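Asker: Input: one structure, supplied below.
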Amino acid sequence: MSTALIDLSYVIASILFIFGLKRLGKAETARQGNLISAIGMFLAIVATLLSKEVVNFQWIAVGIVAGTIVGIIAARSVQMTSMPEMVALLNGLGGISSLLVGWAEYHAGHEITAFTAVAIYLAVLIGGVTFTGSLLAYGKLSEKISGAPMLFPGQQLVNGLIVIAIVVCGVLFAMDPLGGQNYFFAAVGASFIFGILAVAPIGGADMPVVISLLNSYSGLAACAAGFIILNNVLIVAGALVGASGIILTQIMCKAMNRSLSNVLFSGFGAAGGSKSASYQGEAKPISAEDAFLILENASSVVFVPGYGMAVAQAQHVVRELGDLLAENGCDVRYAIHPVAGRMPGHMNVLLAEANVPYEQLVEPEDVNPTMETVDVTVVIGANDVVNPAAREDKSSPLYGMPIINVDKAKTCIVLKRSMKPGFAGVDNPLFFGENTRMLFGDAKASISSLVAEFKG
Amino acid sequence: MGLLLFVLVLSIFLGFELISKVPSQLHTPLMSGSNAISGITIVGALIASGIEGQDQLAVILGTLAVATATVNVVGGYLVTDRMLGFFKSKDKDSK
């Protein structure tokens, strides 16, 4: 195929990515958008395979077949509750691929200009950070390792030294790419270490921010790879992903009322002694039967799911309960906080999986103004995102974070395993509120017994 | 080189424009879908592994790059499609 035709294919592929992303942003067209972007990818791959540069196909075939098999199996078998881990792993694979491309190009390179050297260096660096950072995020999300922030004394200093080393190696490498092999491998090592150090201090509930950021990095790594092989489609696609990751990161930070640097460096929720005063009062436990009576008489109910619902895999029984309530003539809505769960939109996906129509899903800004008219709010495994201290208590670490005002409804039923505080380690005055009733136990079991009451 | 940087800057702005108004219910599919797009690095991987006159190390690096990028692409698109298949509007809900 002629170079002009191949270039044209790359242009069309870029356009398909842009249209695909645009359509991915609207509920009605999202699935089609994803398909359009997949077609763009297919086109880019075919065009590359037909280009004159590519002459040996046997190892390409091995790589593609192996990757396709793994990809299909993973995409088919992953549970929706495990989507954050899946996205983290895929991010990591994209990162390591860009690193390998950079390495291979460097290894094969005959004449490397300073410009190409910088591109190689950046691809390897960003790719490496994305790889180990994502693997660690995967470990934390899948609870193979503790999700608690890992902090050690002098952490900032160590990070600073690594950054300096990376910059110095980069300059030396760009000045003499061919003689600078040692700097190159030092950068590979430093990027791996830095990826781990960057994610280690970040706790479980801040994972939505980290995944968004790593998503952005995987795009930027692809972008850098595009500068190595001087290919526009990589630059366009990588930049689109980089931008989208950054926007999601910003949205997540805003939803927690914290700055990005605060999320990345503070080790929020680490066992610090100076938490705000604990709240006095008595929690009022109720039985499933009493909860049923309250719900049966309610004319409007708002469910507020959190990570606990994902852990208990309770989304299907929650929907069943919601349907029974709706049949009972009750107005049922699901209020979803942007940072509920372990990745942006996590709760939406789980409820969608359980067949909840998306019209019933509402955002905090929409539901809060009407909260006084709501009869019952049901909090399922959410904690910090419904903590009134964020609204009222200036000394609380959560102060200023926008929350869902479940305490303002006539009754609030909180499903919880125990009185333990949430991820942030902050006591929740909601549990001692006038209108609050605690339904202790596993979320799935509790909801199931409510469903049984309705049916019985 | 100047042109490439030009393309980069324009694409970043375009990305901001495209994504900034996405409703929060679509954040997860958006993330996994855009993640699949970042697998575009496969183009670089194909060239690295298929180019003429490669030594053994370059072939190994290239093949690994192709394999990892392929998982990223195939897994990313399929899982996004599967997820979006769950999103249903009330009107179209046949159940």
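Each value in this text was obtained by applying a stated rule to the coordinates, not by laboratory testing. These numbers were taken from a predicted model, which means no experiment stands behind them. When we count neighbours, we look across all protein chains shown, and the Cβ atoms used for this are built from the backbone with ideal geometry, even at glycine.
Asker: Highest mean first, what order results for A:254-262, B:2-10, A:119-127 on Cβ atoms within 10 Å? Before the final figure, lay out the partial values.
Answerer: Numbers: A:254-262: 16.0, B:2-10: 13.0, A:119-127: 27.4.
Top of the packing list down: A:119-127, A:254-262, B:2-10.
Asker: Once you sort the root eigenvalues of the Cα gyration tensor of the range A:1-77 as a ≥ b ≥ c, which label holds: rounded (a/c under 1.5), prolate (a/b larger than b/c) or oblate (the other case)? Present the calculation step by step, with values, prior to reporting the outcome.
Answerer: Values: a/c = 5.02, a/b = 1.22, b/c = 4.11.
Judged from the Cα gyration tensor, the range A:1-77 comes out oblate (a/c at least 1.5, b/c at or above a/b).
Asker: Shifting gears a bit: Do any GluC sites (Glu not before Pro) in the range A:85-158 lie in a DSSP loop with no more than 11 other beta carbon atoms within 10 Å, and if so, which?
Answerer: Details: sites: A:85, A:105, A:111, A:143; in loops: A:111, A:143.
Answer by residue number: A:111, A:143.
Asker: To make sure I understand, if each residue's beta carbon is the centre and we count other beta carbons within 10 Å, what order do B:47, A:380 fall in, fewest to most?
Answerer: B:47, A:380
Asker: Follow-up. Over the Cα atoms of chain B, Rg to Rh with Kirkwood Rh, two decimal places? Show your work: numbers first, answer last.
Answerer: On the way: Rg = 18.3 Å, Rh = 16.1 Å.
Ratio of gyration radius to Kirkwood radius: 1.14.
Asker: How do A:59, A:103 rank when sorted from fewest to most other Cβ atoms within 10 Å of their own Cβ?
Answerer: A:59, A:103
Asker: Now a separate question. Taking every DSSP beta bridge with both residues inside the protein assembly as shown, roughly what % is antiparallel (nearest 5)? Don't skip to the answer; put the middle values down first.
Answerer: Values: 1 of 23 bridges.
So the antiparallel bridges amount to about 5 percent of the total.
Asker: Would you work out if the protein assembly as shown is rounded, prolate or oblate? Take a ≥ b ≥ c from the square roots of the eigenvalues of the alpha-carbon gyration tensor; rounded if a/c is under 1.5, else prolate when a/b is larger than b/c, oblate otherwise.
Answerer: Numbers: a/c = 2.58, a/b = 1.74, b/c = 1.48.
Prolate is the answer for the protein assembly as shown, as a/c is 1.5 or above and a/b outweighs b/c.
Asker: Hey, another quick one. Say each of residue A:289 and residue A:328 gets a label point 7 Å from the Cα, pointing the same way as Cα to Cβ; how far apart are those two points in nm?
Answerer: Rounded to a tenth, the inter-label distance reads 1.6 nm.
Asker: Let me ask you something else. Report the convex hull volume per residue for the range A:83-144, counting only C-alpha atoms, in Å³. Walk me through the intermediate numbers first.
Answerer: Working: hull volume 3.3 nm³, N = 62.
Spread over its residues, the Cα hull of the range A:83-144 gives 53 Å³ apiece.
Asker: Which aspartates and glutamates have a Cα less than 17 Å from the Cα of residue A:284, not counting those fewer than 8 places away in the same chain?
Answerer: Here the aspartates and glutamates satisfying the reach criterion relative to residue A:284 are A:407, A:427, A:434.
Asker: Which of the aspartates and glutamates could be linked to residue B:88 by a straight reach, that is with a Cα gap under 13 Å, when you skip same-chain ones fewer than 8 residues away?
Answerer: Within the straight-line cut-off, residue B:88 pairs with A:28, A:353, A:359.
Asker: Another one. Using the 10 angstrom Cβ neighbour count as an exposure proxy, how do A:444, A:52, B:88 rank, fewest first?
Answerer: Details: A:444 21, A:52 10, B:88 17.
Exposure proxy ranking, most exposed first: A:52, B:88, A:444.
Asker: Rounded to the nearest 500, what is the 222 nm mean residue ellipticity of chain A from helices alone, with -39500 (n - 2.57) per DSSP H run of 4+ residues and division by all residues?
Answerer: Details: 17 runs with 266 residues, N = 456.
After summing the helix terms and dividing by residue count, I get -19500 deg cm²/dmol.
Asker: At a Cα cut-off below 16 Å, give the aspartates and glutamates reachable from residue A:52, other chains included and same-chain residues fewer than 8 away excluded.
Answerer: Of all the aspartates and glutamates, those that pass the test against residue A:52 - Cα under 16 Å, at least 8 places apart if same chain - are A:7, B:52.
Asker: Something else: Apply the Karplus parameterisation 6.51 cos²θ - 1.76 cosθ + 1.60, with θ equal to phi minus 60°, to every residue of the range A:385-402 and state each ³J(HN,Hα) to the nearest whole Hz, in sequence, with x for glycine and proline.
Answerer: Per residue, the Karplus-derived 3J(HN,Hα) values read 6, 10, 7, x, 4, 5, 8, 10, 9, 5, 8, 6, x, 8, 3, x, 6, x Hz.
Asker: Right, something else. Using the beta-carbon distance between residue A:111 and residue A:148 and R0 = 60 Å, what value does 1/(1 + (r/R0)^6) give for FRET efficiency, to the nearest 0.05? Intermediate values should be presented prior to the final figure.
Answerer: Working: r = 49 Å, r/R0 = 0.82.
Efficiency computed from Cβ-Cβ geometry: 0.75.
Asker: Next question, about the same structure. Can you find, among A:73, A:177, A:33, the residue sitting farthest towards the positive end of the charge dipole of chain A, where Lys and Arg contribute +1 and Asp and Glu -1 at Cβ?
Answerer: A:177
Asker: Mind checking the log10 I(q)/I(0) for the range A:84-265 at q = 0.10, 0.15 Å⁻¹? Debye, one equal scatterer per Cα, no solvent, two decimals.
Answerer: -0.38, -0.84
Asker: Follow-up. Between residue A:5 and residue A:76, how high is the FRET efficiency from 1/(1 + (r/R0)^6) when r is the Cβ-Cβ distance and R₀ = 56 Å? Nearest 0.05. Don't jump to the answer; show the numbers that get you there.
Answerer: Working: r = 35 Å, r/R0 = 0.63.
After rounding, the FRET efficiency stands at 0.95.
Asker: Using only atoms on other chains, find how many Cβ atoms lie within 10 Å of each Cβ of peptide A:18-26 and report the average. Intermediate values should be presented prior to the final figure.
Answerer: Values: counts 4, 1, 5, 9, 5, 1, 12, 10, 4.
Whole-number average of other-chain Cβ neighbours for A:18-26 is 6.
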